[in-house]
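Notes for the one structure printed next.
The values are calculated or read from the model by the stated rules, or taken from the named source; none is laboratory data. Not measured: the values here are computed from a predicted model. Here the Cβ is made from the backbone with ideal geometry for all residues, glycine too, and neighbour counts use every protein chain on show.
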């Protein structure tokens, strides 16, 4: 296994700058950016297969890259659902508990609990999105 190839395969292609620039432009367009994810999948396949030029041309199949990217996104979303559900359940329960604490006269404790819950919810949400 050639670890250095993981960092240098981009420069094996004479048109590497054009391909990266076009990929960057596509990546900033909402919805169309799924094509970038599909392109990455194709690059990974080409590197795995030791293709001489692992970066495919964007004109080879933007729609194919798009559909592949959508499929990867759906897979990652399904993979992340348990963490998202846990975060949502914890968020709802902590908000209810914090509200109950505030109603019972513990304003400072209730506020601190709600703030801590919001922070935890944010961290859980970010962790759920990490596979993307």
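Numbers at a glance
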item: Selected residue (only one of 83, 96 is touching a residue at least 12 places away in the same chain (Cβ under 8 Å), on the phi < 0 side of the Ramachandran plot and either part of a helix (DSSP H, G or I) or buried (at least 17 other Cβ atoms within 10 Å of the Cβ) (or both)); result: 83
item: Residue in the range 91-98 that is closer than 30 Å to residue 17 by Cβ and either at pLDDT 85 or above or out of contact with any strand residue (DSSP E or B) (no Cβ under 6 Å at 6 or more places or on another chain) (or both) present; result: no
item: Checklist (1) farther than 30 Å from residue 123 by Cβ; (2) modelled with pLDDT of 90 or more; (3) loosely packed, with under 15 Cβ neighbours inside 10 Å applied to residue 66, failing item; result: (3)
item: Verdict on residue 40 being assigned to a helix (DSSP H, G or I), modelled with pLDDT of 90 or more and under 20 Å from the mean Cα position of the chain (by Cα); result: yes
item: Subset of the range 2-24 (residues that are in a helix (DSSP H, G or I) and surrounded by fewer than 12 Cβ atoms within 10 Å (Cβ to Cβ)); result: 6, 7, 8, 11, 17, 21, 24
item: Check on residue 104, modelled with pLDDT under 85, in the same structural domain as residue 117 (by TED's automatic domain parsing) and exposed (fewer than 14 other Cβ atoms within 10 Å of the Cβ); result: yes
